[in-house]
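Below: the structure, in structure tokens.
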Amino acid sequence: MVSEALKAAEVSRETSQPIAQAAAAALRVQAKRGEKEWPRPPRCRVITIANQKGGVGKTTSAVNLAAALAMHNNRVLVVDLDPQGNASTALGVEHHSDIPSVYHVILEGGSFSDIVVPAEGLSNLFCAPATLHLAGAEVDLVPMVARESRLRRALEAYDLDNFDYVLIDCPPSLGLLTVNALTGADELLIPIQTEYYALEGLSQLLHTVDLVKQHLNPNLAVTTILLTMYDARTRLAAQVADEVRSHFGELVLGTVIPRSVRVSEAPSYGESVLTYDPGSSGALAYTEAAREMAYRGAEERK
Ligand code: ADP
Ligand code: MG
């Protein structure tokens, strides 16, 4: 039954009907529901999640992909690099100004071991919280030695063998914090909101990536594009998705994240959507997207 439905859904998928796509994704997740463990990468994958536009789903994706990976036998650290601390909030982690945060690590030579705390409710998930102090970091970093590489040095000094993934959630700018994130990572994941201006500004981001590759981190690669906040009711969303796919090809995950109220409600409970409403379309989509990432990474690093 499920496999027939899957086949039917796959066929509609080829005709790129968004609703059929969502149904196919749900069915695929259902079919794999028994699957408790995904492959763990041979060594820790450090993935920066960046897009200088605000509100495209960086934080939401960082938190929910991290939760999905953690629920499938991977150990995950989310580094919150946004002074707003939204990822910390969503993971149920305190981040008032007295808490030692990423600021301490990047600006004051502190260690990640001083600041990493378990996230609420999921045993394999950890967070390096951001506090508002980080708002000063863009300025405070300017006169510092090796100002672009401070995050990378701190990550190197920390025992990443304990983790399978580090996901770095960036602020909505291309300032020194984002440059630190790009310098400290092997991979870049770009969330793209499926709306009219989706591709605008991306060339600026990709230019920054090129500069970082040339001067600071030759290992950096754009490995993953994730389409977010997909509204299946509009033709525009399908058009934008097609455009992004024709531009970026296989980098784009097959799974798209639908617009879903549950996704936006979860953070106010200090939870990922996966724990807040596991059966919701948003939870299923983030699980499927994370699964794709886990299997792609396993293939790449054989
Ligand atoms: P960014 O970190 O890029 O600024 P966020 O992840 O904070 O973006 O998302 C911006 C807003 O959109 C937040 O209020 C978030 O809850 C909401 N949002 C993100 N993804 C979805 C989604 N799939 N469905 C509905 N709302 C979403
Ligand atoms: Mg954010």
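Numbers at a glance
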{"quantity": "Neighbours by Cβ (under 8 Å, 6+ apart or cross-chain): first from segment 217-238, over 30 Å from ARG152 (Cβ atoms); second of a type in the set (Phe, Trp, Tyr) and not in a loop (DSSP other than H, G, I, E, B)", "calculated": "ALA237/TYR230"}
{"quantity": "Residue that is under 22 Å from THR48 (Cα atoms), within 12 Å of ligand 1 (Cβ to nearest atom) and either surrounded by 13 or more Cβ atoms within 10 Å (Cβ to Cβ) or modelled with pLDDT under 95 (or both), where the choices are LEU226, LEU202", "calculated": "LEU226"}
{"quantity": "Options SER88, SER101: the member that is under 16 Å from the mean Cα position of the chain (by Cα), among the polar types (S, T, N, Q) and buried (at least 21 other Cβ atoms within 10 Å of the Cβ)", "calculated": "SER88"}
{"quantity": "Wholly within segment 74-180, strands (runs of 3 or more DSSP E) carrying at least 3 residues that are out of contact with any Pro (no Cβ under 8 Å at 6 or more places or on another chain) and within 16 Å of ligand 1 (Cβ to nearest atom)", "calculated": "165-169"}
{"quantity": "LEU227 more than 16 Å from ligand 2 (Cβ to nearest atom) and assigned to a helix (DSSP H, G or I)", "calculated": "no"}
{"quantity": "Total residues in segment 120-162, condition open to solvent by less than 10 Å² (accessible area, probe 1.4 Å) and either of a type in the set (Val, Ile, Thr) or closer than 21 Å to ASN74 by Cβ (or both)", "calculated": "6"}
{"quantity": "Segment 35-56 residues that are within 11 Å of ligand 2 (Cβ to nearest atom), paired with ones that are open to solvent by 10 Å² or more (accessible area, probe 1.4 Å) and among the acidic types (Asp, Glu) (beta carbon under 8 Å, 6 or more apart)", "calculated": "none"}
{"quantity": "Candidate set: segment 57-73, residues that are more than 10 Å from ligand 2 (Cβ to nearest atom), within 8 Å of the chain's Cα centre (by Cα) and aliphatic (A, V, I, L, M); chosen: the one surrounded by the most Cβ atoms within 10 Å (Cβ to Cβ)", "calculated": "ALA66"}
{"quantity": "Residue that is farthest from MET293 (Cα to Cα) [pool: residues in segment 234-261 that are part of a loop (DSSP other than H, G, I, E, B) and away from ligand 1 (no atom under 13 Å from the Cβ)]", "calculated": "THR234"}
{"quantity": "The one condition in (1) within 12 Å of ligand 1 (Cβ to nearest atom); (2) at positive phi; (3) out of contact with any helix residue (DSSP H, G or I) (no Cβ under 9 Å at 6 or more places or on another chain) that VAL56 fails to fulfil", "calculated": "(2)"}
{"quantity": "Meets criteria (within 30 Å of ALA146 (Cα to Cα), in a helix (DSSP H, G or I) and either charged (D, E, K, R) or within 15 Å of ligand 1 (Cβ to nearest atom) (or both)) for LEU284", "calculated": "no"}
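The values are calculated or read from the model by the stated rules, or taken from the named source; none is laboratory data. Source: prediction; values computed, not measured. Ideal geometry is used to build each Cβ from the backbone, glycine not excepted, and the neighbour counts take in all protein chains shown. We work out accessible area using only protein heavy atoms, side chains counted, and drop any ligands, DNA or RNA first. Shrake-Rupley method; radii C 1.70, N 1.55, O 1.52, S 1.80 Å.
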